[in-house]
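Reviewing the structure listed below.
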There are 2 protein chains.
Amino acid sequence: MSVYREAGVDLDAHAAVVGRLGAIAAAASRPEVLAGVGPFAGAMRLPAGLEGRDPVLVASTDSVGTKVLLAAACGRYGEVGQDVVVHCANDVATSGAAPLFFLDYLAVHRLEAPAALAVLAGVAEACRSAGCALLGGETAQMPDLYREGTWDLAGTMVGIVPRDGLVVPGAEPGDAVVGIPSSGLHTNGYSLVRRVLAATGTDFAVAADMLLAPSRLYSGDVARLRAEGASLRGLAHITGGGLPGNLDRALSPRVDAVLDPGSWDRPPVFPWLQGLGGIAEEEMRRVFNLGVGFCVIVPAAEADAVCGLLHGARRIGEVVPGAGRVRFTG
Amino acid sequence: MSVYREAGVDLDAHAAVVGRLGAIAAAASRPEVLAGVGPFAGAMRLPAGLEGRDPVLVASTDSVGTKVLLAAACGRYGEVGQDVVVHCANDVATSGAAPLFFLDYLAVHRLEAPAALAVLAGVAEACRSAGCALLGGETAQMPDLYREGTWDLAGTMVGIVPRDGLVVPGAEPGDAVVGIPSSGLHTNGYSLVRRVLAATGTDFAVAADMLLAPSRLYSGDVARLRAEGASLRGLAHITGGGLPGNLDRALSPRVDAVLDPGSWDRPPVFPWLQGLGGIAEEEMRRVFNLGVGFCVIVPAAEADAVCGLLHGARRIGEVVPGAGRVRFTG
């Protein structure tokens, strides 16, 4: 009884992917990566300049969720590869940390080498953009777990920040909330998107560019703010749950954030989806980022300077005494 | 149109799991973990004693594969939670690194809070045993990706080692291969196991203890060898691919490892499976660890001392001139 062929595991495809992984990872490396260590794990020295500064490692694991299903339906794999890196990097950026290294986890019903390599090339491209090393990963074929034609993509980002640069939530009444634009849906709300498309018989290919736009990376924005000495009193990555379910995580139980929903522009994908699906405004706010992918809380006196440093950033609200909630003025 | 109920996502179960995560992670922490940083990512200082020693971070991502299906069928979740941590820790140990922190990724068709919490309690228990912090993780419900009743469990371990303790493969002819016993199947070969059980109509519950035994952790063994100053010329974690497909990764292309298959005992699960499934010896060797979960290559003169330091370890072979392959004497 020979197991792997019977189990639907394609060893040739696996070999084709694994054979390219070295080159893909080498294209997203850093000088601190130690080659030739052992193939069981990746190894990396700490970056220079942190000696004596009490370096803190910051880590996040996340997946791109069901965005993979739209990507596969459109045959566009590279963007979600970028998304998983950017999503985790943005989580890590909320602590003020810079991306250091990333590991991916790609699990599939059946491995198709071109698609998998396109995903991993997207992962590597985003690692390069974020300035981190692609230090490892795992590609698994598990036809008994995953539905026919489906796959899952997750990853782990480890970042680093000197202790004195660590951002700890500490918003005070009177502080300003600055919103940095998203590039679109990022990685959230795709269950709702697919249901709207299915219910209305819409061919998602017509809107593929809008629906699959890669997430915007905010690590550079945070690094710029730190370099300029901004007083960062809270950073939030706006993912599933929208502004109410994420900005609240950057607040203490003693303050609320009050946002003016008219203070920023919504990218076209949001009104298009809302109209197509007849989605209530309340639901839109709880599911989507609505055009604000990252929030920065700073003293009001610094808000204009912060907006000037970050492409497209706007003051979208203020911090008031409260109970750790996010409210809208309208 | 409200998405989550329709999409089969159980927010109550999710809240029940998330509400317990803090307590679970707190039970597997370390003094270096920084509490109250931000809920988007975990943060941890470097351990003391590495200043000026050029610390190297070592990382591995892996999953427990289809062992989850047997675990679910037996209603035993804690063991696979332990397995994912131990598997990644053993990968990291091949570089000589000690476990520092872990993040889990649990993705399910439908979230059942008691099962998920049992998995995560197993993760935390293994983190505690390995001496690492459970720094974060992600729990995702994706009924459109995962088959009814299935789930996937992966994770990422980050370890640390001073540069002068990093193990780099460098086996020389004449070196000895020492094998450390496995506790059983660990996390590999479960596709074959399930096929044998199905083909023979065997109720796996009768053998659940044997089949679900948690993996043995080798981090402590490696730490002991380092502390005793053993000349570590290669370390291998024996996973999918068995001894031929893993010990070879610790060899250079100039040497072979020649193993005596009669030099160690096979735990009962292996002859039981081999007899039940009529599995050829060749297949057994390519799929299972066969009782050796970790290999240590040292100069022959150190082999007896190394065996004396590690519970159950035996000299199982030697390094000869060759081409990077693993061969058996019989």
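The values are calculated or read from the model by the stated rules, or taken from the named source; none is laboratory data. Predicted model only: the values in this text are computed from it and were never measured. FYI the Cβ positions are ideal-geometry reconstructions off the backbone, even for glycines, and counts take in every protein chain you see. Heavy atoms of the whole protein, side chains included, go into the accessibility calculation; ligands, DNA and RNA do not. Shrake-Rupley method; radii C 1.70, N 1.55, O 1.52, S 1.80 Å.
Among A:LEU290, A:LEU259, which is the only one that is closer than 21 Å to A:GLY170 by Cα and either outside the structural domain of A:LEU197 (by TED's automatic domain parsing) or not hydroxyl-bearing (Ser, Thr, Tyr) (or both)?
A:LEU259
May I ask you to list the residues in the range A:13-49 that are surrounded by fewer than 16 Cβ atoms within 10 Å (Cβ to Cβ) and either in contact (Cβ under 8 Å) with a residue 24 or more places away in the chain or of a type in the set (S, T, N, Q) (or both)?
A:VAL18, A:ARG20, A:ALA27, A:PRO47
Any idea which of B:ASP248, B:ASP256 is in contact (Cβ under 8 Å) with a residue 40 or more places away in the chain and closer than 13 Å to B:CYS295 by Cα?
B:ASP248
Considering only helices (runs of 4 or more DSSP H) fully contained in the range B:34-151, which possess at least 1 residues that are of a type in the set (Ser, Thr, Tyr)?
B:113-130
Would the range B:245-252 turn up any residue that is touching a helix residue (DSSP H, G or I) at 6+ places or on another chain (Cβ under 6 Å), open to solvent by less than 30 Å² (accessible area, probe 1.4 Å) and not assigned by TED's automatic domain parsing to the domain that holds B:CYS88?
There is no residue in the range B:245-252 that is touching a helix residue (DSSP H, G or I) at 6+ places or on another chain (Cβ under 6 Å), open to solvent by less than 30 Å² (accessible area, probe 1.4 Å) and not assigned by TED's automatic domain parsing to the domain that holds B:CYS88.
Being touching a helix residue (DSSP H, G or I) at 6+ places or on another chain (Cβ under 8 Å), of a type in the set (S, T, N, Q) and over 15 Å from A:LEU134 (Cβ atoms) is the filter here; which residues of the range A:72-117 pass it?
Within the range A:72-117, A:ASN90, A:THR94 qualify.
Which of the residues belonging to the range A:106-124 are within 14 Å of chain B (Cβ to nearest Cβ), touching a Ser or Thr at 6+ places or on another chain (Cβ under 7 Å) and either of a type in the set (Lys, Arg) or within 15 Å of A:GLY78 (Cα to Cα) (or both)?
Scanning the range A:106-124 gives a single hit, A:LEU106.
Could you list all residues from the range B:125-140 that are within 25 Å of B:LEU57 (Cβ to Cβ) and within 8 Å of chain A (Cβ to nearest Cβ)?
Answer for the range B:125-140, where residues must be within 25 Å of B:LEU57 (Cβ to Cβ) and within 8 Å of chain A (Cβ to nearest Cβ): B:LEU135, B:GLY136, B:GLY137, B:GLU138.
Note down all Cβ pairs under 7 Å where the first residue falls in the range B:151-178 and is under 30 Å from A:TYR146 (Cα atoms) and assigned by TED's automatic domain parsing to the domain that holds B:HIS311, the second is open to solvent by less than 10 Å² (accessible area, probe 1.4 Å) and outside any strand (DSSP E or B), and they're at least six residues apart or on different chains.
Close Cβ pairs (under 7 Å, with a partner that is open to solvent by less than 10 Å² (accessible area, probe 1.4 Å) and outside any strand (DSSP E or B)) do not exist here.
Could you say whether any residue in the range A:93-102 is closer than 24 Å to A:SER215 by Cβ and open to solvent by 20 Å² or more (accessible area, probe 1.4 Å)?
Yes, the range A:93-102 has at least one match.
Sort through A:HIS311, A:HIS237 and tell me the only one that's surrounded by 19 or more Cβ atoms within 10 Å (Cβ to Cβ), within 20 Å of the chain's Cα centre (by Cα), of a type outside the set (A, V, I, L, M) and within 24 Å of A:GLY165 (Cα to Cα).
Exactly one of A:HIS311, A:HIS237 is surrounded by 19 or more Cβ atoms within 10 Å (Cβ to Cβ), within 20 Å of the chain's Cα centre (by Cα), of a type outside the set (A, V, I, L, M) and within 24 Å of A:GLY165 (Cα to Cα), namely A:HIS237.
Looking at the range A:172-193, is at least one residue open to solvent by 20 Å² or more (accessible area, probe 1.4 Å), at pLDDT below 95, more than 8 Å from chain B (Cβ to nearest Cβ) and closer than 30 Å to A:VAL119 by Cα?
yes
Considering only residues that are of a type outside the set (A, V, I, L, M, F, W, C), under 27 Å from B:GLY65 (Cβ atoms) and touching a residue at least 60 places away in the same chain (Cβ under 8 Å), which ones fall in the range B:223-244?
B:GLY234, B:HIS237, B:THR239, B:GLY240, B:PRO244
A:LEU197 is checked against (1) closer than 30 Å to B:GLU148 by Cα; (2) among the aliphatic types (A, V, I, L, M); (3) within 20 Å of the chain's Cα centre (by Cα) and fails just one. What number does that condition carry?
Every listed condition holds for A:LEU197 apart from (3).
Just for the range B:31-55: of the residues that are among the hydrophobic types (A, V, I, L, M, F, W, C) and more than 7 Å from chain A (Cβ to nearest Cβ), which one is nearest to A:VAL296 (Cα to Cα)?
The qualifying residue nearest to A:VAL296 (Cα to Cα) is B:ALA35.
For (1) at pLDDT 95 or above; (2) within 28 Å of the chain's Cα centre (by Cα); (3) more than 11 Å from chain A (Cβ to nearest Cβ), each residue gets a yes or a no:
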site: B:MET1; (1), (2), (3): no, no, no
site: B:ASP10; (1), (2), (3): no, no, yes
site: B:LEU57; (1), (2), (3): yes, yes, no
site: B:SER60; (1), (2), (3): yes, yes, no
site: B:THR66; (1), (2), (3): no, yes, no
site: B:LEU69; (1), (2), (3): no, yes, no
site: B:ALA72; (1), (2), (3): no, yes, no
